[in-house]
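Visitor: My structure is below; once you've seen it, I'll send some questions.
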Amino acid sequence: MAIGSTARKILWARSSDVCAFPDCDQQLTVNLHDDGSKSLEAAGIPLGEEAHIISGSKGGPRYDALYPPEKVDTYENLILLCPTHHRLIDKKGGAGFTVETLRKIKSDHELSQRSQKTSQQKRNEEIELRTIALIEAWANKADLDRWESLIWKLNVPIQRLKEDEIANLTQLGEWAMTRSWPPAYPEVARSFDNYSSVLCDTINHIRKSFEPIEGRDDIWEIYREYKHRLLSQEGYDAALKDFEYRSDVLCELSLELTKAANFVCAAVRSELDPLFRFEEGVLPHRVGDGVFSNTYTREEYGNTELDQTRPYPGNKAIEERVRKQGGASR
């Protein structure tokens, strides 16, 4: 488990980007774990460290075998410190600072910082924290950590989905469509409007084109009439062409869905959290049969697309693209 965006945002916001150790007051810069942050550190700019009050590693500072593992990387178990004081509290296995001492240091610091904020600053902070919590909920619902698995299923020669996967996509589409985003984050709102549009078109295409495979109500695939009915050569050719067309449209929609999800991630990094999925990088688009071919591509909107209010061109344009290309872009 890693520190999530919500926990990180709450920690930095309530600490006001200042080291929590008494009388330190060191202003801290977010550590992106990249070459740029290394350059800042080399130049003497203090980078903030999200220190654990109770270590998650056996033998680590203040390790407690009874502390729930799922709480190790949560806000309640983190304290923002400068590198010097992080080393100090962890010296000799953390023997000099108890869990209770560190929790009081953190509480006192955050109360002090809050007392210096105006009512408007407090309201803005609350909106920001609730927004990032919604973003993290989306990341979990969309299963971004397993993105390539879903996209690959929409690109293989015979596309198949479990019934519960289709149900989960449908629920995600309804959730995304009904979200209301604060006006303070216009790019986040625009990116989610775009993402919701692509996702809804993808779900509608799946529901119009898929049927349960014979003998397995829990597995769905694009209906292949030429496999289930005795047809004339002309009818067979027409049925095969229809299957290929529906398959190619789904492939193209998966491409657009990857672009749309990466657009959301970029908007979140721009307006809310520069560390959001920073280490994971962009969501990959996976194409291939998993045996003879397996290709990953980076799919993001270009400047021309981003100049549009909604970069996604819509389902009709996707269908026209497939007809014009004579197939999908894979």
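Visitor: If you take the residues in the stretch 40-53 that are within 17 Å of His85 (Cβ to Cβ) and either open to solvent by 70 Å² or more (accessible area, probe 1.4 Å) or of a type in the set (A, V, I, L, M) (or both), which one is modelled with the lowest pLDDT? Break it down into steps so the answer makes sense when it comes.
Guide: Looking only at the stretch 40-53, we keep the residues that are within 17 Å of His85 (Cβ to Cβ), and these are 41, 44-53.
Then drop every residue that is not either open to solvent by 70 Å² or more (accessible area, probe 1.4 Å) or of a type in the set (A, V, I, L, M) (or both), which leaves 41, 45, 47, 51, 53.
Values: Glu41: 62, Ile45: 68, Leu47: 78, Ala51: 95, Ile53: 97.
Among those residues, the one meeting the criterion is Glu41.
Visitor: Please enumerate the residues belonging to the stretch 194-209 that are in contact (Cβ under 8 Å) with a residue 40 or more places away in the chain and surrounded by fewer than 18 Cβ atoms within 10 Å (Cβ to Cβ).
Guide: Start the filter on the stretch 194-209 by keeping residues that are in contact (Cβ under 8 Å) with a residue 40 or more places away in the chain, which leaves 194-195, 197-199, 201-202, 204-207, 209.
Once the filter is applied, which keeps residues that are in contact (Cβ under 8 Å) with a residue 40 or more places away in the chain and surrounded by fewer than 18 Cβ atoms within 10 Å (Cβ to Cβ), the stretch 194-209 yields Asn204, Arg207.
Visitor: What are the residue pairs meeting all of these: first residue in the stretch 85-102, first residue in contact (Cβ under 8 Å) with a residue 40 or more places away in the chain and at positive phi, second residue of a type in the set (Ser, Thr, Tyr) and open to solvent by less than 50 Å² (accessible area, probe 1.4 Å), Cβ atoms under 7 Å, and 6 or more apart or on different chains?
Guide: Listed pairs, sorted by first residue: none to list.
Visitor: Okay, next question. So the check is Cβ under 6 Å with 6+ separation or different chains; which pairs have a first residue in the stretch 1-30 that's in contact (Cβ under 8 Å) with a residue 40 or more places away in the chain and a second one that's crowded, with 19+ Cβ neighbours inside 10 Å and among the β-branched types (Val, Ile, Thr)?
Guide: Ser5/Ile132; Thr6/Ile132; Lys9/Ile132; Ala20/Ile79; Ala20/Ile105
Visitor: On to the next question. Keeping to the stretch 220-239, report how many residues are closer than 18 Å to Arg207 by Cβ and modelled with pLDDT under 85. If you could, list the steps in order and put the result at the bottom.
Guide: Within the stretch 220-239, the subset closer than 18 Å to Arg207 by Cβ is 220-225.
Okay, now just the ones that are also modelled with pLDDT under 85, so 224-225.
So the answer is 2.
Visitor: Taking Phe263 as the residue in question, decide whether it is free of Cβ contacts under 8 Å to residues at least 40 places away in the same chain and surrounded by 15 or more Cβ atoms within 10 Å (Cβ to Cβ). Before you say what the answer is, go through the steps one by one.
Guide: Numbers: free of Cβ contacts under 8 Å to residues at least 40 places away in the same chain: no; surrounded by 15 or more Cβ atoms within 10 Å (Cβ to Cβ): yes.
It is false that Phe263 is free of Cβ contacts under 8 Å to residues at least 40 places away in the same chain and surrounded by 15 or more Cβ atoms within 10 Å (Cβ to Cβ).
Visitor: Which members of the stretch 296-312 meet the condition of being part of a loop (DSSP other than H, G, I, E, B), free of Cβ contacts under 8 Å to residues at least 40 places away in the same chain and not acidic (Asp, Glu)? Working first, answer last.
Guide: Pass one, the stretch 296-312, residues part of a loop (DSSP other than H, G, I, E, B): 299-302, 307-312.
Next, from what is left, pick out any that are free of Cβ contacts under 8 Å to residues at least 40 places away in the same chain: 302, 307-308.
Of everything in the stretch 296-312, those that are part of a loop (DSSP other than H, G, I, E, B), free of Cβ contacts under 8 Å to residues at least 40 places away in the same chain and not acidic (Asp, Glu) turn out to be Gly302, Gln308.
Visitor: Does the stretch 311-330 hold any residues that are open to solvent by 50 Å² or more (accessible area, probe 1.4 Å) and farther than 15 Å from Thr258 by Cα, and which are they? Walk me through it before giving the result.
Guide: Start the filter on the stretch 311-330 by keeping residues that are open to solvent by 50 Å² or more (accessible area, probe 1.4 Å), which leaves 313, 316, 320-321, 323-326, 329-330.
Those that are open to solvent by 50 Å² or more (accessible area, probe 1.4 Å) and farther than 15 Å from Thr258 by Cα: Lys316, Glu320, Arg321, Arg323, Lys324, Gln325, Gly326.
Visitor: So, Val282, is that one over 24 Å from Lys324 (Cα atoms), among the β-branched types (Val, Ile, Thr) and free of Cβ contacts under 8 Å to residues at least 24 places away in the same chain or not? Can you show your working first?
Guide: Details: over 24 Å from Lys324 (Cα atoms): yes; among the β-branched types (Val, Ile, Thr): yes; free of Cβ contacts under 8 Å to residues at least 24 places away in the same chain: yes.
Against the criterion (over 24 Å from Lys324 (Cα atoms), among the β-branched types (Val, Ile, Thr) and free of Cβ contacts under 8 Å to residues at least 24 places away in the same chain), Val282 qualifies.
Visitor: Filter the stretch 213-254 down to the residues that are part of a helix (DSSP H, G or I), in contact (Cβ under 8 Å) with a residue 40 or more places away in the chain and among the aliphatic types (A, V, I, L, M) and list them by number. Show your work before the answer.
Guide: Restricting attention to the stretch 213-254, the residues satisfying the condition of being part of a helix (DSSP H, G or I) are 225-228, 233-254.
Add one more test, that the residue is in contact (Cβ under 8 Å) with a residue 40 or more places away in the chain, and what stays is 244-254.
The answer is Val249, Leu250, Leu253.
Visitor: A further question follows. Scan the stretch 210-237 for residues that are closer than 23 Å to Gln171 by Cβ and either charged (D, E, K, R) or surrounded by 14 or more Cβ atoms within 10 Å (Cβ to Cβ) (or both) and jot them down.
Guide: Filtering the stretch 210-237 for residues closer than 23 Å to Gln171 by Cβ gives 210-213, 216-222.
Hits for the stretch 210-237 are Phe210, Glu211, Ile213, Arg216, Asp217, Asp218, Ile219, Trp220, Glu221, Ile222.
Visitor: Among Ala266, Ala317, Ala260, Ala328, which is the only one that is of a type in the set (Gly, Ala, Ser), over 22 Å from the mean Cα position of the chain (by Cα) and under 20 Å from Asp193 (Cβ atoms)? Full working, then the answer.
Guide: On the way: Ala266 fails: over 22 Å from the mean Cα position of the chain (by Cα); Ala260 fails: over 22 Å from the mean Cα position of the chain (by Cα); Ala328 fails: under 20 Å from Asp193 (Cβ atoms).
Criteria check complete, one pass: Ala317.
Visitor: Here's a follow-up. Say whether the condition of being at pLDDT below 95, of a type outside the set (A, V, I, L, M) and under 19 Å from Leu28 (Cα atoms) is met by at least one residue in the stretch 122-130.
Guide: yes
Visitor: Condition first: at pLDDT below 95, exposed (fewer than 15 other Cβ atoms within 10 Å of the Cβ) and of a type in the set (Asp, Glu). Can you find one or more residues in the stretch 243-258 that meet it?
Guide: Within the stretch 243-258, none of the residues are at pLDDT below 95, exposed (fewer than 15 other Cβ atoms within 10 Å of the Cβ) and of a type in the set (Asp, Glu).
The values are calculated or read from the model by the stated rules, or taken from the named source; none is laboratory data. Quick caveat, the model's predicted, so the values are computed rather than measured. Reconstructed Cβ throughout: ideal geometry from the backbone, glycine too, with neighbour counts over all protein chains shown. Calculation scope for accessible area: heavy atoms of the full protein, side chains included, ligands and nucleic acids excluded. Shrake-Rupley method; radii C 1.70, N 1.55, O 1.52, S 1.80 Å.
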